[in-house]
Amino acid sequence: MKFTVALPELQKALQKILPAIPAKSTIPVLEHVHVVLAGTDLTFHATDQEITISLTIPVAGEQDGEVLVPARQFNDLIKELGNAGSVEVSANEDSALISVRTPTGTYEMKGLDANEFPAIPPFPESTKADFSKEEMQRIANKTVFAVSTEEYRPSMTGVFFQFASNMVTAVATDGFRLSRVIIRGEDRFPDELDVIIPARAVDLLKKVDSEVSMEVSRTHARFTISSQTITTRVIDEKYPPYQNVIPSDNDKTLVVNQREVLSAIKRVSLFANTNTRHVRFRMSERVLAVHSEDEDSGGKGTETIPCEFSHDTFEVGFNYRFLEEAIKNITADDDPDLNVQMTFSTPIRAVLIKPGADNDSLLMLVMPVKI
Amino acid sequence: MAWTDIIGQDRIKHLLQRMIHEQRLPQAMLFSGMAGTGAVGLAIEFARTSNCIDPIRTTTGIDACGVCRSCAQFRHLGHPNLRLTVALPAGKGGEVESEMKADVIEELKTQILALAEDPYFEIRLPNATQIKIGAIRELKRTLTLSAAQEGGRRVCLIVHADEMTTEASNAFLKTLEEPHEGVTIILTTERPERMLQTITSRCQEVVVPPLGDDLLAEALHRCDGIPEADATLIASFAQGSYTRARSFMNEDMRGYRQDVVDLLRLALKGQSFRIPLTEALAEIAEGKDKVKVEMMLSLLLLWLRDAYSIVKTGTSASIMNVDQRDALEKFAASFGNADYPRVLRAVEHSVRLVHRNVNLTLVLLPLLLDIRRVFHEARSATMRAS
C-alpha cells in the first residue's frame, strides 16, 4: 500500500475516527485503525466493538492495499507534523510494517494483519431514513441528557427511535424524566420501525455537519454523514411503554420566560440541600416563587419572577437538576420568545414541559418530588 | 490454536463438536476440571469453531478452517464474539476496561496474548482473587447489545468462575436463566463446590477429567522436547495436569529421585542408620521446601510401586522408572514378601501431611522408620523361612 496525502485532510480524518478507538483495551487490534486504499480512496475504520466509525478521503494513491496502523502512535505523529504539506505513507502488507515519509523525516511502525480487524457489519436489506443536519442535531441534543445510566434497565440506556406514519419519535428516559422529540418527514422515513440506539452513538451525532442517512439492520444501525459512517450495535431490548407515563389531563398551565426561570433556579438551588436537591415552585396568577431551604445548614433562598398561571395557587417540588436540564433544553428554535410552558395536575403527578409556542415537536416530562 | 492443540479430552471435544455440528448450542455450560486439563482451551476452541465462516466438517467432527476472517480474529483472541471475564486486582473501581489502571491493562493484554498462543496458559493477575459485580454488570451490559458480527455464536467465557463474589453471582443469575439469543456462556472452574448452587444448577456441567499419564508424557515429549524417559517420569506424578507437568520440567527429577532412593537405602541399612538418617532428614527439612519434599515423596511412591509391580508380576515390563530397572529388580528380589500396600499407603499419607503443612521432619522420620520396620520384618521372615 502506498499513498500521499495532505496533512490537514489526514489530521481532520483522524480526529473524526478517534472517538471509536477505546482509550484502554485488552484487545490489541482495537487500538489500531484499519486503513484501506482503493484507487484514490483512502478509507479508515476504527472500532471499539460497539461503535465503528469509517471515513473516506481522497488521496494520491499509488498502490492499493490494507493494513492495521497503531492509532495513537500514528495520530500523535501526524499531529506533530504541523498542518501544512503532505506525507507519503507506505506499508508492507506481509510484514505489516508501515513507513511515513515527510520531507525531513522517516518513521516506521509495526502494525497488524488487516484480517484480524473485526468485520464491518453489512447492511443487506436495511431500512433507511433521511435526516437533515438540523433534525439529527436536534434529536441528539435534546434527548441524550435524559438517558439512564443504570445497567439494570438496559433498554433505557439508549435513545428510542420510533418511526411510524411518516414521522419519527425519539425518546429518552431514566424513569425520573423523559424527553421526546418528534420530527415529521413526509416520505423520508420508513413506515414502521422501532430501534434503540446506545447513548454513546447518539452523542456522536450531536456534531454532525451535513445531512444524515440512517440505516437499520437486524443488529446494527448505521449513520452516514457525507463521507463518514458511524455504525453502532443496537440495544436488543424492548423499550418500555413510555406513552403511558405522559399525562393527558394536566389542567394547570404555567408560562414563564426560560432565561428568567433558569437563572432563578440556579441562584436558589445554591441554598438547596445538596443531597435531596429540592426546590419548590409556588405559583399564583401572576407570580412564580422559586424557593429552597436546607434544614441542615439553615440556609434558604427565594426568587420571584413574573409568570402566567391558569389557576389561583399551586405548589410543587422538584429535583432542581432534572428541572434545570429540561428547561435548558428549550432553545430559540423551539420558541423564538424562549417561553416555557409547564403543565401540572396534582403535586405528585408528572409535570410536562414544552416550548411556549405550542408545538408538540419537543416534550419533556419531569417527576416532581414530595415536599 | 486448534482442537489438536488440546491434549486428549476426546470425549469432550466430540461432545462440543457435535453441538456445533447439529447447531444445538447450549445457553450455559460449566467446565469443571483442575488446572492444566484444558478447560479454557476447549472453551476457546468451541468459540472459534462455532464462529468459523467456513468450518471443515468431517465424519467425526467439525474444525475451524484457520484461514477465514473469523479465525484470523481469533488468532489473538480479538474476536468481538468472544468475551473473557477474569478476576481483576482488588482496589477501587477498575472493573471495567476504561477504568482499569494502565499497568493492569498491559499485564492482562500480555496474558491474553499468551493464552492465545498456549491454551494451557493460566490467566492470573497479581492480587486478583475476585470477579466482582462491576465486571458482571459490564458483561450484562454488552449482552443487551445486538451481536457485533452477524452469524456465529457469541461466547462469554468466565475463567475461574468460583472467584465470583456472592453479589456478582447473584447479579449473574438472571442472565444465566434468561439467556440472550445466540449467546453461550461458559464458566470454567477448578472448584465447582465453591460456586453457588443456583449458578451451577443453571449450567450444563461438563466435567473435564485429569489427563492420562501416557497422554501427558506424549505431549511433553512432542511439544516440549522432553526426552521420552523423563517425560514418562514427569507425567506420572503430574496428577493429570499438563500445567503441573510443565512446572516440573525444570526440576531435577532424576536428582530428586536419586536423593530419595538414597534416603530409602539409608533407612534400610543395618545397625548404624540412625545418625546418618537423622542428619540427612535434617538437611532436607532445613530447606523447608515443601514442593520439593512432596515431589520426592511422589517419586518414592513411583519407585516403590515399580518394585511392587516386579514382585507381583515377576517381570519389569510395566515399570515407569525404566532406567532404574537393575536396581529395582535387585530391590524386589531382596524384599519380595514385604507388605507393599502398607508402605504405599504410608507414603501417600505423608504426601497429604506435607500438603497440609505438617513439619517436614515429623512427616519424614516416622515414615522412613515405618518403611524400615516393614521391610526388615519381611527380610527376617524370608531368612526364617529359608
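Structural remarks
- Alpha-carbon spread of the protein assembly as shown, three principal axes, descending order, Å: 125, 71, 53
- Chymotrypsin sites (Phe, Trp or Tyr not before Pro) lying in DSSP loop within the stretch A:300-371, provided at most 10 other Cβ fall within 10 Å: none
- Exposure ranking of A:H278, A:H34 by accessible area [1.4 Å probe, largest first]: A:H278, A:H34
- Listed pairs A:K12/A:K207; A:K207/B:K101; B:K140/B:K174; B:K269/B:K312; A:K328/A:K354; A:K142/A:K206 exceeding 19 Å between Cα atoms: A:K207/B:K101; B:K269/B:K312
- Here the 3J(HN,Hα) profile of the stretch A:127-143, calculated from phi with Karplus coefficients 6.51, -1.76 and 1.60 at θ = phi - 60°, is 9, 10, 9, 10, 10, 7, 4, 5, 5, 5, 4, 4, 4, 5, 5, 9, 10 Hz, Gly and Pro shown as x.
- Chain A: calculated mean residue ellipticity at 222 nm from DSSP helix runs of at least 4, using -39500 (n - 2.57): -4500 deg cm²/dmol
- Of all accessible heavy-atom area on the stretch A:257-309, the percent that carbon and sulfur account for (1.4 Å): 44
- Heavy-atom accessible surface of B:V351, to the nearest 10 Å², is about 30 Å², with a 1.4 Å probe and all protein chains retained.
- Amide H partners (placed H, <5 Å) of B:L30, local residues excluded: B:L187, B:Q204, B:E205, B:V206
- Protein accessible surface hidden between B and A, which excludes ligands and nucleic acids, total in Å², probe 1.4 Å: 2700
- Mean shadow area of chain A over all directions, Cα convex hull, nm²: 22.2
- Residue by residue, the stretch A:250-259 carries 3J(HN,Hα) couplings of 6, 9, 9, 10, 10, 10, 9, 7, 4, 4 Hz when phi is fed to the Karplus relation 6.51 cos²θ - 1.76 cosθ + 1.60 (θ = phi - 60°); x denotes Gly or Pro.
- Peptide-level mean, for A:153-162, of C-beta atoms on other protein chains within 10 Å: 1
- With Cα atoms defining each centre, the stretch B:64-114 and the stretch A:14-60 are spaced 20 Å apart in the structure.
- Note on B:V96 and A:E295: with the Förster distance fixed at 45 Å, the Cβ-Cβ geometry gives a FRET efficiency of about 0.75.
- Span from the the stretch A:92-115 Cα centroid across to the the stretch A:177-251 one, whole angstrom: 39
- Taking every DSSP bridge with both residues inside chain B, close to 15 percent are antiparallel.
- A straight line joining the Cα centroids of the stretch B:291-356 and the stretch A:292-342 runs 88 Å.
- Estimated from helical segments only, the mean residue ellipticity of chain B at 222 nm is -17000 deg cm²/dmol, where each DSSP H run of four or more residues counts as -39500 (n - 2.57).
- Listed peptides A:167-173, A:97-103 by packing density, highest first (mean Cβ within 10 Å): A:167-173, A:97-103
- Inter-chain Cβ neighbour count for A:22-33, averaged per residue, equals 6 (cutoff 10 Å, partner chain atoms only).
- Across peptide B:74-87, the mean count of Cβ atoms from other chains lying within 10 Å of each residue's own Cβ comes to 4.
- Paired Rg and Dmax values of the stretch A:1-140, which use every Cα atom, in angstrom: 15.8, 50
- Burial of 20 Å² or greater, the stretch B:138-156 residues [accessible area, probe 1.4 Å, versus chain by itself]: B:R141, B:T144, B:L145, B:S146, B:A147, B:A148, B:Q149, B:E150
- Dipole of the protein assembly as shown, positive direction: furthest Cα of A:V212, A:A164, A:T276, with charges on the beta-carbon: A:T276
- Sparse-neighbourhood loop sites, trypsin sites (Lys or Arg not before Pro) in the stretch B:221-329 - DSSP loop, at most 13 other Cβ within 10 angstrom: B:K269, B:K288
- Residue with peak Gaussian network fluctuation, chain B [Cα springs, cutoff 10 Å], from B:G38, B:G78, B:G270: B:G270
- Reachable aspartates and glutamates, given that their alpha-carbon falls under 18 Å from the alpha-carbon of A:K2 and they are not under 8 places away in the same chain: A:D41, A:E62, A:D64, A:E66, A:E88, A:E93, A:D94, A:E108, A:D113
The values are calculated or read from the model by the stated rules, or taken from the named source; none is laboratory data. Computed from a predicted model, the values in this text were never measured in an experiment. Note that we place each Cβ from the backbone using ideal geometry, even for glycine, and neighbour counts take in every protein chain shown. Side chains included, ligands, DNA and RNA excluded: accessible areas come from the protein's heavy atoms. Shrake-Rupley method; radii C 1.70, N 1.55, O 1.52, S 1.80 Å.
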